[in-house]
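Taking it in order: structure first as C-alpha cells, then the write-up.
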Amino acid sequence: MSGSARIFCVANQKGGVGKTTTTVNLAAGLAQIGQRVLVIDLDPQGNATMGSGIDKRALPASIYDVLLEAATVAEARQRSPQGGYDVLGANRELAGAEVELVALPQRERRLRQALQVVQADYDFVLIDCPPSLSLLTLNGLCAAHGVIVPMQCEYFALEGLSDLVNTIRQVHANLNPELQIIGLLRVMFDPRVTLQQQVSEQLRAHFGDKVFNTVIPRNVRLAEAPSYGQPGVVFDPAAKGAVAFVEFAREMVARLATKA
Ligand code: ADP
Ligand code: MG
C-alpha cells in the first residue's frame, strides 16, 4: 500500500474485552506482512505501550504531550523493539489530559490534527482506546476512518454495543463524516462453549459482513506475552492466537484493497 495511512480505532467502552491485545497483535501481524504501522496508546493505563516493550515510566514524550501540543508525533514516537512498528506511548499523565483538553479549542480534533504530518509515514495507524466514551476516545474517533470493535461472544455483548454504536453515529453526524464501523472482531472465542457459538451466529445474522471472518481464540500465550513486553504474534508465532492475528491482519489488508 502507499499514500496516506488508514486510521482505525480499536474501541469498546467495556474494559477487559481485548482492545489492547487486538491493537498490539494486529500491529505486529500487519508489520509481519510488510505494512508500516503506528500504534497510538490512548489509554492512561499504558498497556499497549508496555505490551509493545516500551517502558511507560520512562517516556521522553507521550501522547499527552502531543495532545497538548508540547511535542509532535514525530518527536514522541518510539520503535517497539521487537514488534516491528512504531508506538506513541501513554502513561498516567494522560488521565489529566481529559480535564486540560476541555478548555482548549478544537478539543476533539487535536489527535486528528497531530496525525496529519505523519500520515504519509504509515499504511496503518491503530488507536488503542480507553474503556470509556470520554474526550480521549472522542479524539480517537475524530481522527479515524473506521472502528474495529473487539467483543466476546457473551450473552450481554450486544447490549453493551449500543452505547458505542450511538456515539459512533453522533461523531459521524457532527464531527467526522468518514467514520464507520469496519467490523466486529470475535475474540477470546471458545468453540466448546455452546452459548458462544450461538452468540457468534447471532452476530453474523444481525451484522452480516460487518463481522470479520477471522475469529480470535482464547489462547493463554496471548495473555502471557505482555509480561515479556512482546505482542503474542512475536512471543510465540506458532500459537493459535498468534496465527489468528496474522490472519486478521491479512483480512484487514484484503478489505482495504477491495474498498480502494
Ligand atoms: P482491554 O484492552 O479491552 O481492557 P485486554 O486486551 O487488556 O483488554 O485483555 C484483557 C485480558 O484478557 C488481558 O489479561 C489479556 O491478556 C487477556 N486476553 C485478551 N485476549 C485474549 C485471548 N484471545 N486469549 C486469552 N487471553 C486474552
Ligand atoms: Mg486496554
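Identify all lysines with a Cα-Cα distance to LYS240 below 24 Å; exclude those on the same chain that are fewer than 8 residues away in sequence.
Counting by Cα, and skipping residues close in sequence, LYS240 has these lysines nearby: LYS19, LYS210.
Within the chain, what's the longest run with no chymotrypsin sites (Phe, Trp or Tyr not before Pro) in a DSSP loop and at most 12 other beta-carbon atoms within 10 Å? Give the range, please. Numbers along the way, then the final one.
Details: sites that count: TYR155, PHE156.
With a cap of 12 other Cβ atoms within 10 Å, the longest stretch comes to 1-154.
In debye, nearest 20, what is the charge dipole magnitude of region 66-191 about its Cα centre with +1 on Lys and Arg Cβ and -1 on Asp and Glu Cβ, if you could check? Each step should come with its number before you reach the end.
On the way: 9 positive and 15 negative charges, 40 e Å.
Roughly 200 debye for region 66-191.
Please state the charge dipole magnitude for the chain, taken about the Cα centre, from unit charges on C-beta atoms (+1 on K and R, -1 on D and E), reported in debye and rounded to the nearest 20.
The dipole of the chain has a size of about 420 debye.
Using the number of other C-beta atoms within 10 angstrom as an exposure proxy, rank ARG255, ARG79 with the fewest first.
ARG79, ARG255
What FRET efficiency comes out for the pair ARG57/LYS240, r = Cβ-Cβ distance, R0 = 30 Å, nearest 0.05?
0.35
Taking neighbour Cβ counts within 10 Å as the exposure measure, how do ARG110, ARG192 sort from fewest upward? Walk me through the numbers on the way to the answer.
On the way: ARG110 21, ARG192 7.
By the 10 Å Cβ count, ascending, the order reads ARG192, ARG110.
Residues in region 212-235, backbone N under 15 Å from the label point at ARG250 (7 Å along the Cα-to-beta-carbon vector): list them, ranges by number please.
The answer is 213-216, whose backbone nitrogens lie closer than 15 Å to the label point.
So for ASP123, ASP209, fewest C-beta neighbours within 10 Å to most, what's the order?
Ascending number of Cβ neighbours within 10 Å: ASP209, ASP123.
State the Cα centre-to-centre distance between region 33-55 and region 109-148 in whole Å.
When both Cα centres are located, 13 Å separates them.
Readers should treat all values here as calculations from the given coordinates under stated rules, not as data from a laboratory. Because the structure is predicted, anything quoted here is derived from the model rather than measured. For neighbour counting, all protein chains shown are included, and Cβ atoms are generated from backbone atoms with ideal geometry for every residue, glycine included.
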